[in-house]
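Please read the structure below before turning to the comments.
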Amino acid sequence: MTAVTDEAEVPEDLLDADGARIESTSSLGVFATLRRGIEISPEITRGMWITLGLALLAAAGRVVVPLAVQQTIDVGILADAGPDLGRVALLASLATGALVLAALCAALVNVRLFRSAEAGLATLRTKAFRHVHNLSTLTQNTERRGALVSRVTNDVDTVSLFVQWGGIMLLVSALQILVATGLMLVYSPILTAVVWISFVPMFLVIRYGQKYVNRAYTLVRERVGAMLGAISESVVGAETVRAYGVAERTGRRIDGAIEDARSAQARSQVLVAGTFSSGVLISNLVLAVVVVVGTLLGVGGGLTAGQLVAFLFLVQLFTGPVQMATEILNELQNAVAGWRRVIAVIDTPVQVAEKPGAVTQQRGPAHVTLRDVRFSYPNGPEVLHGVTLDLPPRTKVAVVGQTGSGKTTIAKLVTRLMDPTAGAVELDGVNLRDLAFASLRERVVLVPQEGFLFDGTVLENAAYGLRAPLPVPVGAGSSPARDVGEGQASRTESSDAEPSGTEPSGGERLAVEPSGGEQAGAERAAVEQAFAELGLSDWVADLPDGLETAVGQRGEALSAGERQLVAIARAYLAQPDLLVLDEATSAVDPATEVRIARALDSLTAGRSTITIAHRLSTAEASDLVVVVDQGHVAEVGPHAELAAADGIYAQMHASWVAQTR
Amino acid sequence: MALTGSRVRRSIALMWRGMRSHPGIYVLAVGASGLFGALTVGVSRAVGWATDSVVVPAIAGDEAARDRVWLGGLVLAAVAVSLALAVAARRIWAGYGVVRIQADHRTALTRQYLRLPASWHRGHPAGQLLNHTTSDTEAATGVFNPLPFALGVVVMIGVSVALLLTIDPWLTLAALAVIPVTVAVNAVYQRHMSPAVTRAQRLRGDVADVAHESFEAALLVKALGTEDREESRFGGRTQELRAANVRVGIVRSLFDPVIQTLPSIGTLLVLGVGTWRISTGDVAPGDLVTAAYLLTMMTVPVQAFGWVLGELPRALVGYERIAQVADATGALAHGDARLPQTPGQAGMSVRLADVGVDLPAISGARGRSITLLDGVDVEIEPGATVAVVGTTGAGKTTLVSLLARLSDPTRGQVLLDGVDARTLADGEIPAQVALVTQSTFIFEDTVRGNVTLADPGAPGAPSDSEVWDALRLARLDETVRDLAGGLDAPLGERGANLSGGQRQRLAIARALVRAPRLLVLDDATSAVDPRVEQEILRGLADRADDGAGAEPDTDPRPGTTVLMVAYRMSSVALADRVIHVEGGRVADTGTHDELMARDPGYRALATAYEVETERREKERADEAAAGALDDELDELEEVAR
């Protein structure tokens, strides 16, 4: 038996050198992160100047109230001629008007911000999501699925508070600080200088503290991601946990992850509280300093008492936004921590990428050629040592070999899930690297061993293979693949009652929309026909609800063999020119397997198939057998020829016959 | 955990439960907040005092006041320091409270995930379940951020109201007039916010669900090239979430300014009423000034209540989403019976007594329950190796999973050593029955951890030599030896760095290391080379023999009872007996030869390959013959010309 690295993806730490991996967080600085974030979601800054103007009005309105109260008291109530009711009424109603106006502006600002922020976040989510699918399989496997989910959900949410409120308030605060400084300068330049100098230590504290706040928040994001990874295990591996009675240990591991996340959160709270309260401290200390210095100045005749009292009021107008700014800067660090995690995904290089100007091919029988193909996993040993193969069109090819011989690697190279490290894989004479993905995937489809099913019905899962909308008499002609609304696998809400009365599963089903009537009808007919042609109508009929049978999460309501049946039907419906089956019927009973194999034989006549199988019945039925041994092609030829020769295949076949009789 | 009663009642219960669960933290948080309230008054008093008795007289030329300047500065500085400390303490303890309650929710949720059966999990998307531990948990605890602030200043507000009362009841009434308005505004807000936020939280879960499912299906998406389709599926949900969040945002955008303006309106109202009271001579102008400043100062603390009110709808929705999981029932109940034998002893006897399994219609389309198994009556003697054979979908998996009590039969009994499985104590079955399922789940752990499923050094954890024995039996020892780190080699998430066959063998080792008395293999070697499979199965048989022959003088103890779902006839041939399952019923049972002789369904399965090979050879021969005939005809034609 050879090393473990063959049919497999390699341990993560081996991927550093050659393979791109999804970094835990991007290394961009704060401003670079903001710039990149806005570049990704330009909606965030849309209409910002109008919003800023309204925000300034709102802020001004809030300042008017204490001024109005003071004026009312001074000129209305404490008027020399006694309280002036009319004046009070006038001032109070003016102030009320200003208040209402300010509230209105504030509401408008909020609504505008919510709109632009949410639009930007939706774009960020979708771009990150799409990029995950664009990444090569090897890169995808460098990050946990649960943690990837948090990159497009939780990490994005972290950004929301800042972009909804923080960004604009930071600008408003800065302007308020400027205005307050200007007013202070009018009263006393010296005191103004005193105020600014007093704030110098605070700016230093903030600068210094922000680094720690940033690190603390980054740690929180990472720990929350790790926690989700751990929790995801308990959910996806629920059956194993139950079967081995290890709920307690799994629970302990999760508790550890929860506690790690909690302690990181608590630490970030302490730091945030620290920077914020240092802002409070300095703001109030400045009052003390101004009182002392102002009095001394006043005594020296540089300032009147009235001026000093007015100045004290202005200092409070100055410190308010400064405190607000420290709060926002903390929030900014939180947002940057989340943003970096999402940007890290979006900026992960795509290793198996489409070239600019890639070719689109005509459909037709597929001719696959491997020219001196070598492959090694990043930093791993070479697992294919110069494989050259010519697989003519309309040929049924069986690839056989021991576990770890390199069979699956060949399947992944032929379907361009990976690129060879040397040599070339060609389809009808065109290097796969030069082919457009849309064209390649249309022509070549892989059925992996573990048939993944979406939570939905058998019908919906099989119909997933119908990648383009079926031609229907009316309303056809919408663009393929993009179009999911038309009764394809669009997710609609279903009001299915839950049996146990627990939380509904979110109404998430890959449902066929009843509105897409004809489309749905055509799909159903196509799926029914596919199952019939594959000889699986009996199996469908025996299902609890026929084609409507719900398969449950990850298809777990079906057995592994049944999932493979649906996966075959799905691939069959995709109608590729080349179908690559990687142990696609390994969990199916022999009688059914034989039936499917025969059905595929007759149905795919004129097309090419490459089948990777342990069960040599497939090889018996093929036109061409390729025997792979330790990364080399050991034998190639028709079954009868190889079985008669005295080679590896003859041995394998003899022991296969012995096992099945 | 669910909350009952009116919305107000549920809101109060939610806040009270959270605080009660961490009384120490909340005493400190609310205390610090109270101190903050007092010090806020302190700052304004101190500034007032400094102005009146230091600044103004000093500048006016008062020598004594001039000497007091430094004292004034010191007093102000001292108040500033205390205020900052109070702010820090309030925020730190409030933050501690929030993260602790979050951790509590997460623990409660994940305990349930571990407790609830596979059938429950099938109906609850993983993405949703993950989302409960993040977004819903954050929503449920958001209210605890401003809560200590609001509660802490209650005293301050009470004192202010008392002060107002001493000044004038009418002024007090004017100041309090905003309360009913606040209540009314809040009622409108809650009514609009609850459905909006419910929808938003649900969509958050949906988005997480689509993401999780789509990422799990990454290979399939690539294989079929359906990236565009997945993007629009996710994008569609994301846009719905965006719309829902904007709706929440709009409600909140309208509520916040109103609730924040109300205290100021109250202040202006007091001024108006106060001026009238002054004109009637009931209130002195100085008193009104005091009242007005008092109210101005109260604006921010009163707003803290606004924040609490603003967060409440989200908190209730998040909490209720969590409670639905926390209150979910369906976990299998355990009895307190024990198996008569202990782990490591001879094989277990198994009996399925007239067992039937019905499935409630999960798709609900036709709302009828489905019979998966019916009238299954099987007895397996200790130490026997029994093969379960049947077509895909016949009910084999359902049958064997009953033995590990992954679920309970709807009818009949599963008897392990004669004891009804339902009455057995928790932990008894996993200790003695090992089930290897079709698809293997690998934990993100070391090889050792994945085999032992125990912490190293934990009591009862298998030793390394036992682990190696199990790996050897599963024919995985060489592979593990080649790994950097050997037993300590980390396996990536879901064992991504192992091949399918290697994962299955690891799962077999995981079962074997427990020295189970009943080993259930559910087509557990489908991805393993036939040769390796044979080795493993023979190894098992040898081990059973060793167990039997270890003490030849005493009773010959039969080895591990093995029940295996198998397709390969060579594997079936190793079994003492075969159970043929068809359409949820036992079609026949007996030795392989017996079934071959009398069970046509079984014969069809067992000889499928053979028949197919013959058929194909015949076809080829016919084709060849036809070809030859054609050639001959051609030749004849040629000759004829």
**Request:** Restricting attention to the stretch B:99-136, report how many residues are surrounded by fewer than 21 Cβ atoms within 10 Å (Cβ to Cβ) and of a type in the set (Asp, Glu).
**Result:** 1
**Item:** Test set (1) at the interface with another protein chain (Cβ under 10 Å from one of its Cβ atoms); (2) small (Gly, Ala, Ser); (3) buried (at least 24 other Cβ atoms within 10 Å of the Cβ) - B:Gly318 fails condition number
**Value:** (1)
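What residue, of A:Val293, A:Val220, A:Val286, A:Val270, is within 7 Å of chain B (Cβ to nearest Cβ) and of a type in the set (A, V, I, L, M)?
Working: A:Val293 fails: within 7 Å of chain B (Cβ to nearest Cβ); A:Val220 fails: within 7 Å of chain B (Cβ to nearest Cβ); A:Val286 fails: within 7 Å of chain B (Cβ to nearest Cβ).
The conditions single out A:Val270.
B:Ser194: of a type in the set (Ser, Thr, Tyr), crowded, with 21+ Cβ neighbours inside 10 Å and under 27 Å from the mean Cα position of the chain (by Cα), yes or no? It would help to see each step written out before you state the result.
Values: of a type in the set (Ser, Thr, Tyr): yes; crowded, with 21+ Cβ neighbours inside 10 Å: no; under 27 Å from the mean Cα position of the chain (by Cα): yes.
No, not satisfied.
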**Fill in**
Residues in the stretch A:390-445 that are within 21 Å of A:Val636 (Cα to Cα) and among the basic types (Lys, Arg) total 4
**Item:** Residues located in the stretch A:546-563, provided they are in a helix (DSSP H, G or I) and within 8 Å of chain B (Cβ to nearest Cβ)
**Value:** A:Glu548, A:Gln553, A:Arg554, A:Ala560, A:Gly561, A:Glu562
**Prompt:** Counting only residues that are aromatic (Phe, Trp, Tyr) and at pLDDT below 90, which one in the stretch A:180-206 is farthest from A:Gly294 (Cα to Cα)?
**Reply:** A:Phe203
**Among residues of the stretch A:151-165, those that are more than 7 Å from chain B (Cβ to nearest Cβ) and within 13 Å of A:Ala128 (Cα to Cα), counted** = 3
**Asked** List pairs: first in the stretch B:162-191 and closer than 15 Å to B:Thr267 by Cβ and free of Cβ contacts under 8 Å to residues at least 60 places away in the same chain, second assigned to a helix (DSSP H, G or I) and among the hydrophobic types (A, V, I, L, M, F, W, C), Cβ under 7 Å, 6+ apart or cross-chain?
**Response** B:Thr172/B:Val161; B:Thr172/B:Leu164; B:Thr172/B:Leu165
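Table: residues versus (1) surrounded by 22 or more Cβ atoms within 10 Å (Cβ to Cβ); (2) in contact (Cβ under 8 Å) with a residue 12 or more places away in the chain; (3) on the phi > 0 side of the Ramachandran plot.
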site	(1), (2), (3)
B:Arg247	no, yes, no
B:Pro257	yes, no, no
B:Ser264	yes, yes, no
B:Gly272	no, yes, no
B:Thr275	yes, yes, no
B:Ser279	no, no, no
B:Asp282	no, yes, no
B:Asp287	no, yes, no
B:Thr296	no, yes, no
**Criterion violated by B:Ala103 - all others in (1) under 23 Å from A:Ala264 (Cβ atoms); (2) over 14 Å from the mean Cα position of the chain (by Cα); (3) hydrophobic (A, V, I, L, M, F, W, C) satisfied** = (2)
**Message:** Looking for something at positive phi and either in contact with a Cys (Cβ under 7 Å, 6 or more places away or on another chain) or modelled with pLDDT under 85 (or both) - is there at least one such residue anywhere in the stretch A:601-609?
**Reply:** yes
**Request:** For A:Arg509, work out the one condition from (1) under 30 Å from A:Pro365 (Cβ atoms); (2) modelled with pLDDT under 85 it doesn't fulfil.
**Result:** (1)
**Request:** Output the residue which, of all residues in the stretch A:22-37 that are surrounded by fewer than 16 Cβ atoms within 10 Å (Cβ to Cβ), assigned to a helix (DSSP H, G or I) and not charged (D, E, K, R), is farthest from the chain's Cα centre (by Cα).
**Result:** A:Phe31
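Would you mind stating whether B:His105 is outside any helix (DSSP H, G or I) and either facing chain A (nearest Cβ under 10 Å) or not basic (Lys, Arg) (or both)? Walk me through how you get there before you give the answer.
Values: outside any helix (DSSP H, G or I): no; either facing chain A (nearest Cβ under 10 Å) or not basic (Lys, Arg) (or both): yes.
No: the conditions fail for B:His105.
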**Prompt:** Going by the conditions given, is A:Gly120 part of a helix (DSSP H, G or I), more than 7 Å from chain B (Cβ to nearest Cβ) and modelled with pLDDT under 90?
**Reply:** no
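Among the residues of the stretch A:385-405, is any in contact (Cβ under 8 Å) with a residue 12 or more places away in the chain, of a type outside the set (Lys, Arg), at positive phi and within 14 Å of chain B (Cβ to nearest Cβ)?
The initial filter retains those residues of the stretch A:385-405 that are in contact (Cβ under 8 Å) with a residue 12 or more places away in the chain, namely A:385-405.
Add one more test, that the residue is of a type outside the set (Lys, Arg), and what stays is A:385-393, A:395, A:397-405.
Then keep just the ones that are at positive phi; that gives A:386, A:401, A:404.
Still in the list and also within 14 Å of chain B (Cβ to nearest Cβ): A:401, A:404.
Yes: the stretch A:385-405 contains one or more residues that are in contact (Cβ under 8 Å) with a residue 12 or more places away in the chain, of a type outside the set (Lys, Arg), at positive phi and within 14 Å of chain B (Cβ to nearest Cβ).
Is it the case that B:Thr397 is of a type outside the set (A, V, I, L, M) and within 8 Å of chain A (Cβ to nearest Cβ)? Give the steps one after another, and end with the answer.
Numbers: of a type outside the set (A, V, I, L, M): yes; within 8 Å of chain A (Cβ to nearest Cβ): yes.
Against the criterion (of a type outside the set (A, V, I, L, M) and within 8 Å of chain A (Cβ to nearest Cβ)), B:Thr397 qualifies.
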**Item:** Qualifying position, being surrounded by 19 or more Cβ atoms within 10 Å (Cβ to Cβ) and either within 22 Å of B:Arg229 (Cα to Cα) or of a type outside the set (Gly, Ala, Ser) (or both), among A:Val444, A:Val350, A:Val359
**Value:** A:Val444
**Asked** Among B:Trp93, B:Trp70, which is the only one that is in a helix (DSSP H, G or I) and farther than 30 Å from A:Leu296 by Cβ?
**Response** B:Trp93
**Message:** Given the condition within 12 Å of chain B (Cβ to nearest Cβ) and under 30 Å from A:Gly338 (Cα atoms), answer yes or no: does some residue in the stretch A:66-77 qualify?
**Reply:** no
**Qualifying positions in the stretch A:217-243 - crowded, with 23+ Cβ neighbours inside 10 Å and farther than 24 Å from B:Ala511 by Cβ** = A:Tyr217, A:Val220, A:Arg221, A:Val224, A:Gly225, A:Met227, A:Leu228, A:Ile231
**Prompt:** When you look at B:Thr371, is it among the β-branched types (Val, Ile, Thr), in the same structural domain as B:Ala196 (by TED's automatic domain parsing) and surrounded by 15 or more Cβ atoms within 10 Å (Cβ to Cβ), yes or no?
**Reply:** no
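Name the residue, out of B:Gly31, B:Gly37, that is surrounded by fewer than 19 Cβ atoms within 10 Å (Cβ to Cβ), of a type in the set (Gly, Ala, Ser), within 16 Å of B:Ala304 (Cα to Cα) and more than 11 Å from chain A (Cβ to nearest Cβ).
It is B:Gly31.
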**Prompt:** Is it fair to say A:Ala261 is within 30 Å of A:Val163 (Cα to Cα), crowded, with 24+ Cβ neighbours inside 10 Å and within 8 Å of chain B (Cβ to nearest Cβ)?
**Reply:** yes
**Request:** Residue by residue through the stretch B:256-303, note down the ones that are assigned to a helix (DSSP H, G or I) and of a type in the set (S, T, N, Q).
**Result:** B:Gln260, B:Thr261, B:Ser264, B:Thr267, B:Thr275, B:Ser279, B:Thr290, B:Thr296, B:Thr299, B:Gln303
**Asked** Restricting the search to the stretch B:75-99, which residues are charged (D, E, K, R) and more than 7 Å from chain A (Cβ to nearest Cβ)?
**Response** B:Arg90
**Selection within the stretch A:621-659 - touching a residue at least 60 places away in the same chain (Cβ under 8 Å) and among the charged types (D, E, K, R)** = A:Asp623, A:Asp629
**Elements of type helices (runs of 4 or more DSSP H) in the stretch B:156-255, at least 2 residues being among the β-branched types (Val, Ile, Thr) and assigned by TED's automatic domain parsing to the domain that holds B:Ala291** = B:178-216
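The values are calculated or read from the model by the stated rules, or taken from the named source; none is laboratory data. As the structure is a prediction and not an experimental result, all values here were calculated from the model. Don't worry about glycine lacking a Cβ; one is built from the backbone with ideal geometry, like all the others, and counts go over all protein chains shown.
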